[in-house]
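**Q** Sharing a structure here in structure tokens format.
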Amino acid sequence: MSLARAAWRAFVITIRMRVISQWSYLTWLVFPLLFAAVGLYVLNSGGASSSHLVYGVLGGGLIGYWSVAYIDAGNGIQDERWNGTLEQIFATPTPLWVILLGKVCAGLFFGVLSFLPTAAFAYFGFHAVLPALDPWKFVISLGVLTLTFFCIALTLAPLFALWRWAFNMINGFELGVYILCGFMFPVAVLAPWAQGVAAVLAPTWAVRALYASTVAEGPHDFTMWWLVAAALSVAYLVGAYFLYGLVEREARVSGELALA
Amino acid sequence: MRRLGLEAAVFARSTFLQYVALFQWATVNGYIAYKVLLPVTQILFFVELGVYATGRQNALYFALGNALQLTANAGIFGVIATVANERQYGTLPILLASPANRLVTFLSRAFVNVIDGIATVVIGLVITVVLFGLDLHHANLALLGLCVVVISITTAGLGLMFGSIGLVMRDAIIIANVVYYLLLIVCGINFPVSRLPGVLQLVAYSLPLTRGVQAARDAAAGASLANVSGLLAGELAIGVLWALGGYVLFRALESWARRGGLQEAY
Amino acid sequence: MAAIEARQLRKTYRTTRGVFRREKVEQLALRGVDLAIEPGELFGLLGPNGAGKTTMTKIFTTLLLPTSGTAMVLGLDVVRDQWRLRRRIGFVFGGERGLYWRLSGLDNLRYFADLYRIPPEVTRKRIPELLGRLGLAGRERDRVELYSRGMKQRLHLARGLLNDPEVLFLDEPTIGLDPVGARELRVIVRELADAGKTIFLTTHYMFEADAICDRIAVIKGGEIVAEGTPNSIKKVVRDQGVVEFEVVGLPAEKLAGLRALTGVKSVAVADHELAQVVTIHCSRPADVMTQLGVVLDGMSLEKVSSREPTLEDAYVQLIGESS
């Protein structure tokens, strides 16, 4: 119970700090809108079909959601280090992963918000709508996508704390993730080898299900897509388990928690 | 002679700081992440998006546009990093107290970033040739090269404005981030400027890149200097205006700081 | 059972140096420290920068693993029993960092109270008590970034006391504080010790250790060079005293002459405005004073005085001797 309370408090505190941080608006509001604008203009070139335009409706939101997941949530530990509070929270009786749980959930909460302004922009700016929305499948797919981002962020947090180069690489590869996970166009247009790489990324399957729930054209296999996305997410968590142990050990050996 | 020597010294120190700023991430992985991965994935993303929306025949349009836009990475962020370094190394107050020529000091910040911008565009163009078969047989290569140099200079001019803002606003980098991605929307990188609403077209033509990218596209298609001189002249004029605006702001802030307005900014 | 105990405690940091040809460097921070602190003691650890004070504090607070040897707090092993131990200890590191400066003092305390897994009904009573006791009542809803240095330090201490720890570790808690703020903090620390808490304090302010500590250890280069009560440590300089005076311009040969006097241990010269302050550590200060006129013939001396050695003098001698 006390652990749940600690995670909840971490969630509330992180929300508060995001609300007053200018940077957070950049990741969940401004960038998604900018990308949505480019995407919609391009997708709307020369008489685009409605199935093209759904990528404009949801693409900006997906980009914002992913950015928040890996920049804000994924930097959960590094964030504390830069703030100078990592030693203080590390030495409490609450394990670091519990604190991270709360922080990641708070981060993702803002990420989901990205869908609102970008969808509104698509509708009012380009009259783009979701032509055949199945609400339940959409909500479940969004839930599965949230699970994938949640697991990835929990895995990235210790990774970024241990090896700074990992953040640089993932930051540099940000648009690569948009490509491989099918945020703004289907993975099916990529070369076969790229589709193979995309298949081991959990969000790819959840995004596929998300888009499929908005159009009538099939074939659809929601159950398979949801299960694969969830299974891959759990696999990432297994990796995360070992990484947290490594962070604990490494931090206590090197004593570099205080170093930004 | 002595004055020339002093100004050369200022230029050299400022260039050194830019060099440091440029390479402060200079680990191998930092270089790969931000100078290779980021440009490559930006080009790939917009090409695939463009092809999905408009067909494979337009791949080169998107590839060339995004390769050219990459210069803004150095022009905007590089200059801001230089100013941040001047703050961190504490050279700014010294600089302001010195008799060094302000204009030389100001412009020298952009020097290395112009070179870096050119290099980044060249990497982008190579990627475009290798991955998307950009056919340069009919291109006016010299003119294309000139266009690349011009847009690198003009985006650095925009960067100098942000550098001046960055003297007083610690979070100028946030604005810089927004503007960098705004360039993707309004400068004719991924679709013609004519598709934008009137107000945004005005914005487009008051920013660097818009005219320069058009000139570069024409050069890649074989146009001559005479065909694009108007565009290039306009591009340079815009770049100079931004740099000038930045300089005026720089001097105004310096005067304000001297009167005790913004000591903590330094 | 000792509240805090270290046996042959060693810590070696391993880092790399250089960019292209990476050289492995080992830095010995603690070289076999033995220490035992009884429950309820206010124990002070003195030493210069880099001596190993913070390293030792971090080992005891489970932030750092020792390379070898054992460290026990409240009978629990700091390596294996960290989860049980963390509930029962508190720590305060000095400095500006360690708080969420964009949040209020109250939010900071509530957050840490939950991280320390303190039941809400206890937190509801304890936070107002701590705020009142530490002079923060009325300011708890202000953002920490608006607090003065002293207030931030007191908030740190409030955070360290949230779980009502049996042992409290304070790493240079008065550093950077103004004299009034520092004194107030020392009073609070002494009160906590008098209330039965075991306190482990590191400092390089000698007068601070002298004023409030029950026992002191002096650490240099990762080794304890002296341990005992402040008075017993001052006995290191028992038959010694200090002679001080001000002079304008002390030529090198006269300085050498001072150093050559019988019983003189050391002569230090410091600039003070237009004059120089000369401090002579010696045995038999009275004899040295009578010789001053001979050695410094023709020079005008001001503010000539002799005094008993302080803990600082003992410390200076201990640190100097062990190098």
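Rule-based calculations on the coordinates, nothing more; no lab input. No experiment lies behind these values; they were computed from the predicted model shown. With ideal geometry, Cβ positions are generated from the backbone for all residues, glycine too; neighbour counts draw on all protein chains shown.
**Q** Shape verdict for region A:149-260, please, from the Cα gyration tensor: rounded (a/c under 1.5), prolate (a/b greater than b/c) or oblate.
**A** Details: a/c = 3.27, a/b = 2.12, b/c = 1.54.
Judged from the Cα gyration tensor, region A:149-260 comes out prolate (a/c at least 1.5, a/b above b/c).
**Q** Could I ask something else about it? Between residue A:124 and residue C:178, what FRET efficiency follows from the Cβ-Cβ distance if R0 is 60 Å, with the result rounded to 0.05?
**A** Details: r = 58 Å, r/R0 = 0.97.
Efficiency, rounded to the nearest 0.05: 0.55.
**Q** Which order results if C:188, B:151, B:165 are arranged by neighbouring Cβ count within 10 Å, fewest first? Please list the in-between numbers first.
**A** Numbers: C:188 17, B:151 32, B:165 20.
Lowest count first: C:188, B:165, B:151.
**Q** Taking the Cβ of each residue in B:256, C:101, A:225 as the centre, tally the other Cβ atoms inside 10 Å and list the residues starting with the fewest. Walk me through the intermediate numbers first.
**A** Working: B:256 13, C:101 17, A:225 20.
With the fewest neighbours first, B:256, C:101, A:225 line up as B:256, C:101, A:225.
**Q** Report, to the nearest 10°, how far helix C:311-321 tilts away from the longest principal axis of the Cα atoms in chain C, using its own Cα long axis and a range of 0 to 90°.
**A** It works out to around 80 degrees.
**Q** Give me the tail of P(r) for region C:280-323 as a percent: Cα-Cα pairs with distance above 15 Å. Before the final figure, lay out the partial values.
**A** Numbers: 514 of 946 pairs.
In whole percent, the share of Cα-Cα pairs in region C:280-323 beyond 15 Å is 54.
**Q** With θ taken as phi - 60° and the coefficients 6.51, -1.76 and 1.60, list the Karplus ³J(HN,Hα) couplings across region B:58-68 in order, rounded to whole Hz; mark glycine and proline as x.
**A** Each residue's phi maps through the Karplus curve to give 9, 3, 5, 4, 6, 5, 5, x, 6, 4, 6 Hz.
**Q** Another question, if that's okay. With N set to the number of residues, divide the alpha-carbon radius of gyration of region C:134-221 by 2.2 N^0.38 Å and report two decimals. Provide the component values of the computation, followed by the final result.
**A** Details: Rg = 13.5 Å, N = 88, 2.2 N^0.38 = 12.1 Å.
Expressed relative to 2.2 N^0.38 Å, the Cα Rg reads 1.12.
**Q** So what are the ³J(HN,Hα) numbers for region A:203-213, from phi and the Karplus equation (6.51, -1.76, 1.60; θ = phi - 60°), rounded to whole Hz, Gly and Pro as x?
**A** Each residue of region A:203-213 in turn: x, 3, 6, 5, 5, 4, 5, 4, 5, 4, 6 Hz.
**Q** Taking R0 as 41 Å, what's the FRET efficiency between residue B:202 and residue A:242 from their Cβ-Cβ distance, rounded to 0.05? Spell out each step's value before the answer.
**A** Details: r = 55 Å, r/R0 = 1.35.
It comes to 0.15.
**Q** P(r) for the protein assembly as shown: what percent of alpha-carbon pairs falls in each 10 Å bin, starting at zero?
**A** In order of increasing distance, the bins hold 2, 11, 17, 19, 18, 15, 10, 5, 3, 1, 0 percent.
**Q** Provide A:28, A:97, C:83 in ascending order of the number of other Cβ atoms located within 10 Å of each residue's Cβ, fewest first.
**A** Details: A:28 27, A:97 20, C:83 12.
The most exposed by this proxy come first: C:83, A:97, A:28.
**Q** Suppose we keep just the alpha-carbon trace of region C:62-130; what are its Rg and Dmax in angstrom?
**A** Cα radius of gyration and Dmax of region C:62-130 are 14.8, 42 Å respectively.
**Q** A further question follows. What is the set of long-range amide H partners of residue C:266 at a cut-off below 5 Å, with H atoms built 1.01 Å from backbone N?
**A** C:281
**Q** Moving to a separate point now. Give, rounded to the nearest 20 debye, the magnitude of the charge dipole that region C:266-323 has about its Cα centre when Lys and Arg contribute +1 at Cβ and Asp and Glu contribute -1 at Cβ. Don't skip to the end; give the middle numbers.
**A** On the way: 3 positive and 9 negative charges, 27 e Å.
Using only the charged Cβ atoms, the result is roughly 120 debye.
**Q** What is the set of long-range amide H partners of residue B:134 at a cut-off below 5 Å, with H atoms built 1.01 Å from backbone N?
**A** Result for residue B:134 returns B:129.
**Q** For region A:134-180, rounded, prolate or oblate, judged on the Cα gyration tensor with a ≥ b ≥ c (square roots of eigenvalues), a/c < 1.5 rounded, else prolate if a/b > b/c? Spell out each step's value before the answer.
**A** Details: a/c = 6.31, a/b = 1.94, b/c = 3.26.
Judged from the Cα gyration tensor, region A:134-180 comes out oblate (a/c at least 1.5, b/c at or above a/b).
**Q** When the Karplus curve 6.51 cos²θ - 1.76 cosθ + 1.60 is applied with θ = phi - 60°, which whole-Hz ³J(HN,Hα) does each residue of region B:210-216 get, with x for Gly and Pro?
**A** Listing the rounded values in order: 3, 6, x, 5, 4, 4, 5 Hz.
**Q** Multiplying the sequence separation of residue B:126 and residue B:57 by 0.36 nm and subtracting their Cα-Cα distance, what value in nm do you get?
**A** Using 0.36 nm per residue and subtracting the Cα-Cα distance, I get 22.9 nm.
**Q** Given N residues in region C:40-197, what is its alpha carbon radius of gyration divided by 2.2 N^0.38 Å? Don't jump to the answer; show the numbers that get you there.
**A** Working: Rg = 15.6 Å, N = 158, 2.2 N^0.38 = 15.1 Å.
Output field value: 1.03.
**Q** For residue C:91, what residues show an amide H to amide H distance below 5 Å, using hydrogens built from the backbone and excluding near sequence neighbours?
**A** It is C:169, by chain and number.
**Q** Going by alpha carbons, how many degrees (0 to 90, nearest 10) lie between the helix axis of C:179-194 and the longest principal axis of chain C?
**A** The two axes meet at around 60 degrees.
**Q** Something else about it: Would you mind calculating the relative contact order of chain C from Cα pairs under 8 angstrom and at least 6 residues apart, reporting the percent as a whole number?
**A** 19
**Q** Mind jotting down the distance between the C-alpha centroids of region C:252-279 and region C:137-208, whole Å?
**A** Their Cα centres are 39 Å away from one another.
**Q** Which angle between 0 and 90 degrees, to the nearest 10, do you get for helix C:285-295 versus the longest principal axis of chain C when only C-alpha atoms count?
**A** 50
**Q** Over all pairs of distinct alpha carbons, what does the Kirkwood formula give as the hydrodynamic radius of region C:194-323, in Å?
**A** Working: mean 1/r = 0.0614 Å⁻¹.
Mean inverse Cα-Cα distance, inverted, gives 16.3 Å.
**Q** A follow-up question, please. Work out, in µm²/s and without decimals, the Stokes-Einstein translational diffusion coefficient of region C:7-91 at 37 °C, 0.692 mPa s, Rh from Kirkwood over C-alpha pairs. Can you show the working numbers first?
**A** Numbers: Rh = 14.2 Å.
The Stokes-Einstein estimate is 231 µm²/s.
**Q** Rounded to the nearest 500 deg cm²/dmol, what is the calculated helix-only ellipticity per residue at 222 nm for the protein assembly as shown, with -39500 (n - 2.57) per DSSP H run of length n ≥ 4?
**A** Numbers: 37 runs with 498 residues, N = 849.
Mean residue ellipticity, 222 nm, calculated: -18500 deg cm²/dmol.
**Q** Can you run the Rg to Rh ratio on chain A? Use alpha carbon positions and the Kirkwood inverse-distance Rh. Intermediate results must be reported in sequence, preceding the final value.
**A** On the way: Rg = 18.8 Å, Rh = 19.0 Å.
Taking Rg over the Kirkwood Rh, I get 0.99.
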